[in-house]
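Inspection log for the structure reproduced underneath, given as structure tokens.
Here, each number is a calculation from the coordinates, and none is a lab measurement. Nothing here was measured: the structure is a model prediction, and the numbers come from that model. Note: ideal-geometry Cβ built from the backbone for every residue, glycine included; neighbour counts use all protein chains shown.
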Amino acid sequence: MARGRTGEARRLRIGFIHPVLGLGGAERLVVDAALELRARGHDAAILTAEWTPARAESMLSGASPLLIGLVDVQDPGNVGSVIRSADALGATGVLALGSTADPAGWKALRGAMGSTFRIAVGRDTTDTALHSARAHGIRIVATMPSGGAPAMSDGRGGRLILLGGEGPGRGGSGESPCLSRSGEPSAGSRH
């Protein structure tokens, strides 16, 4: 038992807050600590939360969404940085598409600095996102290494702005379904 200021034994009430990430080393440590505290007569509780990313369809069905679509972005820190930037710039959400790093991974969460829980963050396939965007009349803008117009919203309708991965960028295969192009440099381009 813990001792109060006057030396009397006090029963502590302790809560552990931990995300649901499976039962690996960190989770085992939290469970063991809570069990030991209970064995010593204290109240110990483990509070967990599970975050499930949204799907493209639900994110694109809102009124005039402004979404950033990350296509095959490999570095989780970059995923988090884009989520943080999208939040700061007023986007309604970020979609992790294709083989983009997990936006719920610890490096992405660290890079997002809390923005993952302030704006909608989703995960889906690139094809599903493009199909949903077209079905909802959302303008699809793909950033390319050169050419095109800036990807700014004119306030009419929604936008899905696609950003490519660090290595190959958006690649040649994704350009054809896009309705417009932007001359913004991709992360992998050299200017």
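Averaging the sequence gap over all C-alpha pairs within less than 8 Å and six or more residues apart, then dividing by the number of residues, gives the range 10-101 a relative contact order of 26 percent. Near residue 42, once Lys and Arg are set to +1 and Asp and Glu to -1 for all other residues with Cβ below 11 Å from its Cβ, the sum equals +3.
Order these peptides, 113-126, 91-104, by their mean beta-carbon neighbour count within 10 angstrom, highest first. It would help to have the intermediate numbers written out before the result.
Numbers: 113-126: 18.2, 91-104: 22.3.
Top to bottom by mean Cβ count within 10 Å: 91-104, 113-126.
What is the distance, in nm, between label points placed 7 Å from the Cα along the Cα-to-Cβ direction at residue 166 and at residue 88? With each label point 7 Å from Cα toward Cβ, the separation is 1.9 nm. With a Förster radius of 45 Å applied to the C-beta separation of residue 64 and residue 43, the computed FRET efficiency comes to 0.40.
Counting only other residues whose beta carbon sits under 11 Å from that of residue 166, what net charge do I get with K and R as +1, D and E as -1? Walk me through the intermediate numbers first.
Values: positive: none; negative: 72, 75.
Around residue 166, the charge tally is -2.
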